[in-house]
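To keep things clear, I will list the structure first and then write my remarks on it.
The values are calculated or read from the model by the stated rules, or taken from the named source; none is laboratory data. The structure presented is a predicted model; accordingly, all values stated were derived computationally and were not measured. Glycine also receives a Cβ, built like all others from the backbone with ideal geometry; neighbour counts cover every protein chain displayed. Ligands, DNA and RNA are stripped out before the accessible areas are found, and what is left, the full protein with its side chains, is counted by its heavy atoms. Shrake-Rupley method; radii C 1.70, N 1.55, O 1.52, S 1.80 Å.
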Amino acid sequence: MALQLSYRLLGRQLSAGQATRVGRRRLSLLRERALVAGQWTVAADGATFDVINPATDDVIASVPDLGEADAARAVAAAAEAQRSWGQTAPRRRSQLLQAYFRLLEEHGEQLAALLTAEQGKPLAEARAEVAYGAGYIEWFAGEARRIHGEVVDGAAPHKETLMIRQPAGVAALITPWNFPIAMLLRKLGAALACGCAAVAKPAEDTPLSALALAALAEQAGLPPGVLSVLTASRARTPEVGAALCRDPRVAVLSFTGSTAVGKLLYAQCASTVKKLSLELGGNSPFIVFDSADLEKAVAGCMASKFRNSGQTCISTNRILVQAGVYDRFVAALGSVMASQLTAGDGAADGVNLGPLVNNAQLEKVSGLVSESVRQGARQVWPRPGSAAPEGRFYPPTLLTEVTPDMACFREEVFGPVAACARFETEEEALAIANSSDMGLAGYIFTENIAQAWRVSRALECGMVGVNEGLISQPEAAFGGVKLSGLGREGGHYSVEDYTEVKYICFGTK
Ligand code: SIN
């Protein structure tokens with residue numbers, strides 16, 4: 001099959017300086033100070049680090065490189081603010097979240113432009129992320145008023161048995177670079193609704209989105225100290241992370257990111273026995289059965305595989321296709337990839353595949369593809385020997401004849417690489433799917449309803465898309481099993497992470 005992929009580096013049509021100046025003029029939410037203890041501040045030693053546009057290599061801004069002492073200051077202010085925030089009437093917290101939601105909507109374009117500039121995702125995806133993230137604030141504005149305890153009949157008639165929910169306390173929110181807006185809003189909405197003050201630590205690649213969100217939270221009327229945002233470089237991030245984990249005044253740690261870092265934070269939180277919410281890596285199987293509607297399966301695969309250039313924890317990683325439809329599915333996927341994907345600067349018109357976020361990511365993806373090809377995978381696109389990717393733009397790649405032992409199946413690729421393997425039976429597909437030590441999401445495409453139920457139940461993961469490639473929504477419980485993490489975010493499930501249940505036995509004799 002001939003693939004004609006339009007792989008245009010549209011970003012190169014703008015000069016680097018031009019892109020930044022255009023951005024700066026529009027971005028009144030761009031902040032170059034961190035928010036610590038209610039003050040927009042610089043680092044005590046004046047240290048800063050640059051935030052780079054991954055598409056153009058331009059420096060967008062420089063932000064404070066904070067350390068342990070700043071983290072302690074932020075936590076102290078949060079602990080102080082917690083006293084009154086935790087006592088604030090749920091209705092008031094709800095109103096404040098509603099005001100915040102309206103501001104997020106009002107500034108959606110600006111937030112999306114900032115997100116594209118620092119993260120690289122295409123503008124349409126950035127807009128979708130802002131709407132998705134704001135949806136969590138809207139949801140938790142409602143949830144703030146639905147946080148209930150319960151009264152049960154106890155063992156003896158003279159003992160009234162009550163369980164009430166109280167705010168857990170200060171929450172540390174450590175967020176990733178792939179969805180810097182949605183992941184912070186998902187955690188912050190829940191924390192604030194439950195009456196917890198928060199100290200956020202955004203990823204070093206994408207601090208500007210978090211600072212903009214903090215500026216809007218302040219504008220919405222969030223009291224000083226209830227939210228701090230600590231910016232720190234790659235070198236200082238471990239120090240800030242450890243300070244948050246070890247501080248006894250922090251009651252909850254919520255982290256989204258890699259399993260390796262999640263394990264480290266888990267260990268560091270042991271000494272203070274915190275409540276933990278960990279949304280970690282994935283290695284999602286995408287299973288296409290003979291009974292599937294292939295058009296739906298290809299559309300689902302495109303949505304799940306190429307969202308954010310594959311840099312998504314719930315991205316499809318292992319495409320398993322039943323032998324009866326394998327050739328047809330792979331051909332259809334290849335031709336849709338060829339006709340629909342245009343790589344380039346996310347700010348440019350028509351681009352729907354942005355760059356990878358940094359050089360480490362680029363090296364990781366290229367390494368996994370080369371290793372898989374060396375192990376026997378067939379690279380259908382780009383043709384072997386094609387020009388090397390320019391900048392951080394990794395070309396959409398189709399690998400076929402993959403087997404479960406290959407690098408691109410064993411590891412989460414986190415890039416625009418569609419790796420396809422063939423299977424014969426449902427049992428075989430399930431055995432391959434469940435052979436991973438990750439268990440975040442899984443996708444199945446089948447028109448056989450009994451098979452849909454059977455396989456959904458048997459998959460070892462926290463979320464399943466049945467004939468659907470985009471499963472994220474504020475109303476749902478997001479999270480994984482095995483090494484993919486602990487806890488669920490979204491819906492009413494987040495309330496577990498940010499509240500403690502207190503049992504009160506009320507003697508009436
Ligand atoms: C993630 O990749 O961690 C989150 C993606 C989502 O919420 O859809």
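Tabulated data
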read-out	value
Residue check for residue 401: open to solvent by 20 Å² or more (accessible area, probe 1.4 Å), modelled with pLDDT of 95 or more and touching a strand residue (DSSP E or B) at 6+ places or on another chain (Cβ under 9 Å)	yes
Output for region 322-344, where each listed residue is crowded, with 20+ Cβ neighbours inside 10 Å, touching a Leu at 6+ places or on another chain (Cβ under 9 Å) and not in a loop (DSSP other than H, G, I, E, B)	329, 330, 333, 334, 337, 343
Residue within region 98-114 that is out of contact with any Ser or Thr (no Cβ under 7 Å at 6 or more places or on another chain), of a type in the set (S, T, N, Q) and over 28 Å from residue 74 (Cα atoms) present	no
Subset of region 462-495 [under 26 Å from residue 86 (Cα atoms) and either outside any loop (DSSP other than H, G, I, E, B) or touching a Pro at 6+ places or on another chain (Cβ under 8 Å) (or both)]	478, 486, 489, 490, 491, 494, 495
Residue count for region 281-321, restricted to those that are within 16 Å of the ligand (Cβ to nearest atom), open to solvent by 10 Å² or more (accessible area, probe 1.4 Å) and charged (D, E, K, R)	1
Residue that is farthest from the chain's Cα centre (by Cα), among those in region 475-509 that are crowded, with 17+ Cβ neighbours inside 10 Å and of a type in the set (Asp, Glu)	496
Test set (1) within 16 Å of the ligand (Cβ to nearest atom); (2) under 15 Å from residue 185 (Cβ atoms); (3) in contact with a strand residue (DSSP E or B) (Cβ under 9 Å, 6 or more places away or on another chain) - residue 122 fails condition number	(2)
Given (1) of a type in the set (A, V, I, L, M); (2) within 25 Å of residue 357 (Cα to Cα); (3) open to solvent by less than 20 Å² (accessible area, probe 1.4 Å); (4) away from the ligand (no atom under 16 Å from the Cβ), number of the condition residue 235 does not satisfy	(3)
Qualifying strands (runs of 3 or more DSSP E) (wholly inside region 138-227; at least 3 residues being open to solvent by less than 10 Å² (accessible area, probe 1.4 Å))	170-174, 198-201
Hey, residue 127 more than 30 Å from residue 342 (Cβ to Cβ), out of contact with any Cys (no Cβ under 7 Å at 6 or more places or on another chain) and not acidic (Asp, Glu) or not	no
Restricting region 449-474 to residues that are within 16 Å of the ligand (Cβ to nearest atom) and without any contact (Cβ under 8 Å) to a residue 60 or more places away in the chain, the residue that is surrounded by the most Cβ atoms within 10 Å (Cβ to Cβ)	462
Residue in region 255-262 that is part of a loop (DSSP other than H, G, I, E, B) and either hydroxyl-bearing (Ser, Thr, Tyr) or away from the ligand (no atom under 16 Å from the Cβ) (or both) present	yes
